[in-house]
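Visitor: Dropping a structure here in structure tokens format, bear with me for questions.
The values are calculated or read from the model by the stated rules, or taken from the named source; none is laboratory data. What you see is a predicted model; the values in this text were computed from it and never measured. Methodologically, a virtual Cβ is constructed for each residue, glycine included, from the backbone with ideal geometry; neighbour enumeration extends over all protein chains shown.
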Amino acid sequence: MNLRNISFSVPEEIIFTLNENLNEFTNNIRLFSALQFYKMHKLSLGKAAELANLDKENFISQLGKYKIPLIDYNADELKKELSRFNK
């Protein structure tokens, strides 16, 4: 697997205000990004868990903690998904 290093600057006062150390802040950025990308249907459960650096079980737990549905289909998407099982 190829990895990319992403770097950006954050004012120290933000990290101080959040009462986090740099490692906690970095882990939260990874988690919150993964949660949002999952919620937007941009990443699968597995890929979002990978981005968050969690196994799937712990990522699912985080979804619950932040009240993000594990399965979030509208009626058309659900019908399409269920039709795959009827074949």
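Visitor: Give the residues of segment 1-40 that are outside any helix (DSSP H, G or I) and either under 10 Å from the mean Cα position of the chain (by Cα) or among the β-branched types (V, I, T) (or both), sorted by residue number.
Guide: Listed by number, the residues that qualify are I6, V10, M40.
Visitor: Determine whether L18 is among the hydrophobic types (A, V, I, L, M, F, W, C), surrounded by 13 or more Cβ atoms within 10 Å (Cβ to Cβ) and at pLDDT 95 or above.
Guide: For L18, the condition - among the hydrophobic types (A, V, I, L, M, F, W, C), surrounded by 13 or more Cβ atoms within 10 Å (Cβ to Cβ) and at pLDDT 95 or above - is not met.
Visitor: Could you list all residues from segment 4-15 that are exposed (fewer than 10 other Cβ atoms within 10 Å of the Cβ) and farther than 16 Å from N53 by Cβ?
Guide: S7, F8, S9, P11, E12, E13
Visitor: Looking only at residues that are surrounded by fewer than 14 Cβ atoms within 10 Å (Cβ to Cβ) and among the hydrophobic types (A, V, I, L, M, F, W, C) in segment 30-53, which one is modelled with the highest pLDDT?
Guide: F32
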